[in-house]
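**Q** Have a look at this one.
Nothing in this text is a laboratory measurement; each read-out follows from the coordinates by a stated rule. As the structure is a computational prediction, the values presented were derived from the model and not from experiment. Because the Cβ atoms are built from the backbone with ideal geometry, glycine has one as well, and the counts that use them run over all protein chains shown.
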Amino acid sequence: MPRRVIGIVMNGVTGRMGYRQHLVRSILAIRDQGGLPLGDGDTLWPEPILVGRSADKLKDLADRHGLTHWTTSLDEALAHPLAEIYFDAQVTPARETALRTAIAAGKHIYTEKPTAESLEAALDLARLARDAGVCNGAVQDKLFLPGLRKLKRLVDGGFFGRILSVRGEFGYWVFEGDWQQAQRPSWNYRAEDGGGMVLDMFPHWRYVLDGIIAPVRSVYAHTAIHIPERTDERGQVYRATADDAAYGVFELEGGITAQINSSWAVRVDRDELVEFQVDGTEGSAVAGLRECRFQHRAATPKPVWNPDLPATEPFRAQWQRVPDNEEFDNGFKAQWELFLRHVTTGSPYHWDLLEGAKGVQLAELGLRSAREGRRMDVPELSL
């Protein structure tokens with residue numbers, strides 16, 4: 001079977017997300033399966049070209065996985081004869097400049113979110129990519145999670161009737177770093193370094209709501225810094241300047257109300273780290289990362305409020321499980337495969353930099369809403 005090699009400049013893969021999800025569980029996983037079949041008898045073989053600031057970390061990573069191409073120079077990486085795609089998983093403040101450089105070099109663009117620190121910059125990147133004629137995509141991984149794909153199956157099948165509301169709970173306790181090491185990098189809690197719950201998670205909620213339920217039309221948000229001091233990777237105490245929790249109310253097209261709580265200062269009493277409950281006139285469903293449970297109108301019990309007696313209804317047992325009905329791959333890998341096919345075969349691809357800009361728009365409006373204490377309309381975006 002003929003093999004086509006495509007070089008992917010991967011910037012930021014010494015970080016947690018870039019390494020685990022994008023390099024190991026996506027690109028290297030595609031190589032482990034023998035490459036990506038293109039449907040015409042050819043197989044695509046992704047060749048990572050690692051770039052970053054630390055030569056020691058890059059060399060260690062390359063040696064660990066048997067990779068041969070790495071450099072601390074972005075220009076050198078983009079000039080590599082195999083390089084066709086540039087991927088960015090850096091911290092947000094470093095992203096825009098690198099993306100501009102890669103677009104100017106004529107590379108196809110695939111990037112983590114948020115695509116930029118401001119809506120103006122995000123739209124400008126989308127225009128630059130369009131005008132350069134390069135393929136471009138923004139990571140929207142949660143759309144490919146098994147639980148949310150099952151939820152979308154219910155929506156597409158008309159299960160809910162008229163959808164009334166969405167309630168989301170996301171988060172977990174991120175240790176402060178003093179007596180137990182934090183699970184997230186310290187920059188997440190510094191606004192000057194691009195941190196903050198709204199900037200991190202509202203882009204996710206935008207594409208989840210837009211892509212599964214209905215387009216977002218307005219946002220009201222309240223933010224908080226619940227843990228004002230944390231300890232960084234070097235054991236130094238620092239002041240948290242970025243929100244570690246955000247409470248958002250979103251109005252969706254059709255009068256649907258969505259309310260999503262996001263917090264890194266909450267202890268989990270859920271089946272999964274994120275769950276969305278969708279309620280409709282004909283039924284309801286609760287979707288997490290992997291599972292989705294539903295309750296039809298005909299099977300809905302009739303509880304009666306009586307605080308003087310203990311609850312006797314086994315509420316959780318009254319829901320049914322949506323069957324898998326298919327095999328689900330890693331969500332990041334699934335989107336990578338779609339983007340690679342888009343670049344090499346011209347197949348359709350929806351999640352471009354304009355879609356990424358919509359996430360930045362919602363984050364920007366959410367932060368403004370929190371500052372001003374009022375609801376913000378979400379205008380349509382176009383290039």
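**Q** Which aspartates and glutamates does LYS113 reach when only Cα atoms under 14 Å apart count, and residues fewer than 8 places away in its own chain are ignored?
**A** The qualifying aspartates and glutamates are ASP88, GLU96, ASP141, ASP200, ASP352, GLU355, GLU364.
**Q** Report the convex hull volume per residue for segment 143-326, counting only C-alpha atoms, in Å³. If you can, show how the numbers build up before the last one.
**A** Numbers: hull volume 28.8 nm³, N = 184.
Expressed per residue, the convex hull around the Cα atoms of segment 143-326 is 157 Å³.
**Q** Using the count of nearby Cβ atoms within 10 Å as a rough guide to exposure, how do TYR207, TYR238, TYR19 rank from fewest to most? Present the calculation step by step, with values, prior to reporting the outcome.
**A** Values: TYR207 23, TYR238 14, TYR19 18.
Ordered from fewest to most neighbouring Cβ atoms within 10 Å, TYR207, TYR238, TYR19 come out as TYR238, TYR19, TYR207.
**Q** How high is the FRET efficiency from ASP269 to VAL249, r the C-beta distance, R0 25 Å, rounded to 0.05? Each step should come with its number before you reach the end.
**A** On the way: r = 22 Å, r/R0 = 0.88.
That gives a FRET efficiency of 0.70.
**Q** Label points 7 Å out from Cα along the Cβ direction at ALA79 and PHE175: separation in nm?
**A** Taking the simple label geometry, ALA79 and PHE175 are separated by 4.5 nm.
**Q** Averaging sequence separations of C-alpha pairs under 8 Å and six or more residues apart, then dividing by the length of the chain, give the relative contact order as a whole percent. The partial results should precede the final answer.
**A** On the way: 779 pairs, mean separation 77.2, N = 383.
Relative contact order for the chain comes out at 20 percent.
**Q** Something else: Please work out how much length the chain gains when fully extended from ARG53 to ALA29, using 0.36 nm per residue of separation minus the C-alpha to C-alpha distance, in nm with one decimal.
**A** Values: separation 24, 0.36 × 24 = 8.64 nm, distance 2.47 nm.
Here the answer is 6.2 nm.
**Q** Could you work out the relative contact order of segment 143-326? I mean the mean sequence separation of Cα pairs under 8 Å and 6+ apart, divided by the number of residues, in percent.
**A** 30 percent
**Q** May I ask you to evaluate 6.51 cos²θ - 1.76 cosθ + 1.60, the Karplus curve with θ = phi - 60°, for each residue of segment 45-50 and list the ³J(HN,Hα) values in order in whole Hz, giving x for glycine and proline?
**A** Going residue by residue, I get 10, x, 10, x, 10, 7 Hz, with x marking Gly and Pro.
**Q** Under a 5 Å amide H to amide H cut-off, with H placed in plane at 1.01 Å, what residues pair with VAL274 once short-range neighbours are removed?
**A** Distant-sequence amide H within range of VAL274: LEU289.
**Q** Now for a separate question. Out of the GluC sites (Glu not before Pro) in segment 318-352, which ones are loop residues according to DSSP with at most 13 other C-beta atoms within 10 Å?
**A** Numbers: sites: GLU326, GLU327, GLU337; in loops: GLU326, GLU327.
In loop regions of segment 318-352 (DSSP not H, G, I, E or B), the sparsely surrounded GluC sites (Glu not before Pro) are GLU326, GLU327.
**Q** Show me the trypsin sites (Lys or Arg not before Pro) within segment 161-205 that DSSP assigns to loop and that have at most 16 other Cβ atoms within 10 Å of their Cβ.
**A** Numbers: sites: ARG162, ARG167, ARG190; in loops: ARG162, ARG190.
Listed in order of number, the matching sites are ARG162.
**Q** Next up: In nanometres, what is the gap between the two model label sites at LEU383 and GLN183, each 7 Å from Cα along Cα-to-Cβ?
**A** 3.8 nm
**Q** Of the trypsin sites (Lys or Arg not before Pro) in segment 1-84, which ones lie in a loop per DSSP and count no more than 14 other C-beta atoms within 10 Å?
**A** Details: sites: ARG3, ARG4, ARG16, ARG20, ARG25, ARG31, ARG53, LYS57, LYS59, ARG64; in loops: ARG53.
Answer by residue number: ARG53.
**Q** Next up: Order these by the 10 Å Cβ neighbour count, fewest first: ASP141, ASP329. Please list the in-between numbers first.
**A** Numbers: ASP141 23, ASP329 17.
Ascending number of Cβ neighbours within 10 Å: ASP329, ASP141.
**Q** A further question on this structure: Quick one: dipole size for segment 143-326, taken about the Cα centre, charges +1 on Lys/Arg Cβ and -1 on Asp/Glu Cβ, in debye to the nearest 20. The partial results should precede the final answer.
**A** On the way: 21 positive and 26 negative charges, 112 e Å.
Dipole size: approximately 540 debye.
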